[in-house]
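The values are calculated or read from the model by the stated rules, or taken from the named source; none is laboratory data. Since this is a predicted model, take the numbers as computed values, not measurements. Here the Cβ positions follow ideal geometry from the backbone for every residue, glycine too, while neighbour counts run over all protein chains shown. With ligands, DNA and RNA removed, areas are computed over all heavy atoms of the protein, side chains included. Shrake-Rupley method; radii C 1.70, N 1.55, O 1.52, S 1.80 Å.
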Amino acid sequence: MAQRTVAVIAATALAALTLGPVAAVLVRAEGLAALGPGDWQALRFTVCQALLSALFACILAVPVARALARRRFAGRGFLIALLGAPFILPVIVAVMGLLAVFGQNGLLNGALSALGLPRLDIYGLHGVVLAHVFFNLPLATRILLQGWLAIPAERLRLAASLGLTPRARFMVLEAPLILRLLPGAFAVIFVICLTSFAVALTLGGGPRATTVELAIYQAVRFDFDLGRAAALALMQLALGLGAGLVAWRLAQGAGFGAGLDRALPLTVAHGRACDTAWLVAAAGFLLLPLGLVVWRGLPGLAQLGPQTWAAAGHSVLLALASTALCLSWTLALAGARGALWSLMAIAISPLVLGTGLFLMLRPFVNPFSMALPVTALVNALMALPFALRIVAPEVEAIRADYGRLRATLRLTPMAWLRLVLLPRLRRPLGFAGGLVAALAMGDLGVIALFADPERATLPLQVYRLMGAYRMEAAAGAALLLLVLSFGLFWAFDRGGRAGAAA
Amino acid sequence: MKALTFAAAFLTATAASASGTLTVYAPDYFTSEWGPGPKIEELFEAQCDCDLQWRPGDLLPRILLEGARTEADVVIGLNTDVTKQARESGLFAPHGVDLAPLTLPIDWTDEVFLPFNYGHTAFVYDTTRVANPPASFAALLEAPDDLRLVIQDPRSSISGLALVLWVRAVFGDEAQEAWAKLAPKIVTVTRGWSESYGLFTDGEADMVLSYTTSPAYHIIAEGDETKKAAIFPEGHYFMVELAAKLAGTDNPELADQFMAFILSEDFQSMIATGNWSIPAALPKDKWPEGFQQLDLPEKVLFYSEDEAAGLRDEAIEAWRSALSQ
């Protein structure tokens, strides 16, 4: 069957692009090298911070997503989109925003010292976890919110007509939903945090906060010890896949069955104050740092030269190419285990991936001329797990709910895609597309080895400005990056939701 | 399809270049619109009747991956941390340039790696925030713990590595004790120089590990004289940037011409305000005004590449274990 062939091709491409580069590095290094004591310390810290970060992000996402799902207020749609912004923010920009709030000279310490209270120090394990929660709480919230919104209105009406207490309602409708979606969210966030590097180092306060990715960086860029880099990358990959497997085992469970797509009747009377408090707290935590990035970036906007604007243009094109590629890949792979295997794509060290691709392509083409295609491909690959995480459960649910209908009507694959799948996937595809585009905007990925001499990307330009002491212009470029990433995300996400009642 | 269009557009762009092309690998900061790259390209092309093409990005890792088949003719922007490895790779050829014009504070006789600019590691501070900067490295160790420092990781940053060698050169076997005294003052360690300097200008730290030349940027570009480098009598670690010619270049004459051009006054005059470093072959009276007024150390510390290679792991370990307590 054609669909199956497409899935096999997509899966093969995924495996080739993740395992191929590691193999290429291994071949070049002529085998794995032993790990030192520092590497084991780095591994312990990496796992510890990733577990804590994923745990807090997931726990906090439950009340926030629930509040968003059951409250209706002016600007709700915009708030949902805006709350997603931290996740798509380039690391360097986000760290500056966080420090503007939680840093030594930040708003929080300003307020504390005005009240005569001792200052808080953000640097340490807690700082790393705080930053990772800042990045990933939006992702966990959105994953849960999608689930909440997918509860058919009929189930909610039934719950209301049965007069279920809030507690019973939670146990019957919401708890199973959380148990089904949260392990997946946990696994994705855990794996994202595994490969964290700059955040962990900057906010970790020193070598205690060394992650495996830093050790890989050192091995590749400083020591040129490819054997050690490959060993570390494999370790990271094994951890990521392990987390994915556990999550996949835990996340079994049926959906809610088909509904008639009626608008949700729900606004629940109880718990209003509690929901409001959660929304205000989440909005404050997530939006204040962003607001400060905007505020600090405004003066620098005027200093941006033509190169920066050109870089912005390249980044947008790159992001669109990555999105097209990634969404096609997602649809092809959206079968049962695509989401699990795609975790490989984010568990693989970007540095090893870049080095491996360089080794693989080098004999055939000039890597410089392949800079943009390779970057678009790698961005699509890195974003694949997120897109799949969003789209695959919906595809499975649609298959379960409408598969019989399809069989009865003998729909051709094209008709199935056009009449059933795509219209029903509109919302998740829009969301996934927005996410992929924004992630591709912010990614530095494999640029170091595949630098295009003529076409810089915007994140690279931010680093260049900082490297040239132009901190104010860098803040301006960071703001531009924020606006463009968010703009792309908004456009896709909005497109996906157009016409939907929610 | 998009990818193919990109590739096609690029191939046509590269095919247009002439045969007299000099390909130079350079760091990103060097070739950016604020770096010295564009002006140097213009000056060199005016005298060589050729096409100079910068290839920004990783230097040695990329060349080692490419091996003898690299398309680079010249690489510019190497550091002394990698010269040993680069030399042992056998991929580089002697530069053949007369070293007499060099105005470095140390003797330089290397036949392969040619210096084009230098600076020293230094802790930079803001005079409006630090009224009494430490007068020596020893005084910095004894400074109160509320003096907030930000430094770079020696495992991911060349300036961070220079710092651990600097501490090693000043304190010798007591480097680890020195780090233990510095540890409470170190707010955080960043991956690279840019992040640290950003934290410093944002007020997260009082002093930042940077270069003796950093204040020149603020003086010249911003008219701001409040940024200073604390000068320590124990000496400052010498940091030099180097260029080298690839042995396998298919354009040896052009490469030689470029290597010779590096020590010319045209090239050297682009360095100070392009790369914010001290030109390697330009007498002080020809430096820009802002550079002439810099506080520079009397004593310069430097390990040869063999010494540094021998000390490196131990120096990093002293740093790591003291800061991991």
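Here are the numbers for this structure:
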{"item": "Residue-averaged beta-carbon neighbours from other chains (10 angstrom radius) around A:367-374", "result": "6"}
{"item": "Cα-based reach from B:Lys84 at 17 Å (exclusive), listing lysines while leaving out same-chain residues under 8 positions away", "result": "B:Lys245"}
{"item": "B:Glu195, B:Glu33, ranked by accessible area, largest first (probe 1.4 Å)", "result": "B:Glu33, B:Glu195"}
{"item": "Sparsely packed chymotrypsin sites (Phe, Trp or Tyr not before Pro) within the range A:351-409, loop by DSSP, other Cβ within 10 Å at most 11", "result": "A:Phe364"}
{"item": "Size of charge dipole - the protein assembly as shown - debye, nearest 20, with Cβ of Lys, Arg +1 and Asp, Glu -1, no other charges", "result": "6220"}
{"item": "Shape call, the range A:48-92: gyration tensor on alpha carbons, a/c limit 1.5", "result": "oblate"}
{"item": "Acute angle (nearest 10 degrees) that the helix B:80-89 long axis makes with the longest principal axis of chain B, alpha-carbon atoms", "result": "40"}
{"item": "Other protein chain Cβ atoms within 10 Å, averaged over every residue that makes up B:50-57", "result": "4"}
{"item": "Filter on B:Lys181/B:Lys227; B:Lys228/B:Lys299; B:Lys39/B:Lys286 - keep pairs with C-alpha separation over 20 Å", "result": "B:Lys181/B:Lys227"}
{"item": "Farthest positive-ward along chain A dipole, Cα basis, beta-carbon charges - from A:Ile346, A:Trp416, A:Phe386", "result": "A:Trp416"}
{"item": "Cα gyration tensor shape of the range B:250-318, rounded if a/c is under 1.5, else prolate or oblate by comparing a/b with b/c", "result": "oblate"}
{"item": "Other-chain or far-sequence residues with amide H under 5 Å of B:Thr190's (modelled H)", "result": "B:Ile151, B:Gln152, B:Asp153"}
{"item": "Helix-only mean residue ellipticity at 222 nm for the protein assembly as shown, each DSSP H run of n ≥ 4 adding -39500 (n - 2.57), per residue, nearest 500", "result": "-20000 deg cm²/dmol"}
{"item": "The range B:49-60 - phi-based ³J(HN,Hα) in whole Hz, Karplus 6.51/-1.76/1.60, Gly and Pro as x", "result": "6, 9, 10, 8, 10, 7, 10, x, x, 4, 9, 5"}
{"item": "Table column - 3J(HN,Hα) (Hz), the range B:193-205, Karplus curve with 6.51, -1.76, 1.60, x for Gly and Pro", "result": "5, 4, 4, 4, 5, x, 4, 5, 5, 7, x, 6, 9"}
{"item": "C-alpha long axis of helix B:305-323 to longest principal axis of chain B, angle in °", "result": "50"}
{"item": "Nonlocal amide H pairs with B:Val300, under 5 Å, H built at 1.01 Å", "result": "B:His236"}
{"item": "Loop-resident sites, the range A:30-97, for trypsin sites (Lys or Arg not before Pro), counting at most 16 other Cβ within 10 Å (DSSP)", "result": "A:Arg72"}
{"item": "Under the span-like rule (Cα at least 20 Å along the axis, Kyte-Doolittle mean at least 0.0), DSSP H helices of chain A", "result": "A:2-29, A:37-70, A:125-149, A:175-194, A:226-250, A:272-301, A:306-333, A:371-409, A:422-442, A:471-497"}
{"item": "Binned Cα-Cα distance frequencies in chain B - 20 Å width, integer %", "result": "30, 55, 14, 0"}
{"item": "For the protein assembly as shown, radius of gyration divided by Kirkwood radius, i.e. Rg to Rh on alpha-carbons", "result": "0.99"}
{"item": "Whole-Å distance, taken between Cα centres, linking the range B:158-227 and the range B:116-147", "result": "8"}
{"item": "Rg/Rh ratio calculated on Cα atoms of the range A:282-377 (Kirkwood radius)", "result": "1.08"}
{"item": "Environment charge of B:Thr201, counting only residues whose C-beta is closer than 10 Å and scoring Lys/Arg +1, Asp/Glu -1", "result": "-3"}
{"item": "Interchain or long-range residues, amide H under 5 Å from B:Leu282's placed H", "result": "B:Thr103"}
{"item": "Gaussian network model of chain B, springs between alpha carbon atoms under 10 Å - residue of B:Ala169, B:Ala143, B:Ala272 with greatest fluctuation", "result": "B:Ala143"}
{"item": "For the protein assembly as shown, with +1 on Lys and Arg beta carbons and -1 on Asp and Glu, the positive-most of B:Thr201, B:Ser304, B:Val124 along the dipole", "result": "B:Thr201"}
{"item": "Additional length obtainable on full extension of the chain from A:Leu117 to A:Asn105, 0.36 nm per residue less Cα span", "result": "2.9 nm"}
{"item": "Cα-Cα separations in the range B:102-178 greater than 14 Å, expressed as whole percent", "result": "73"}
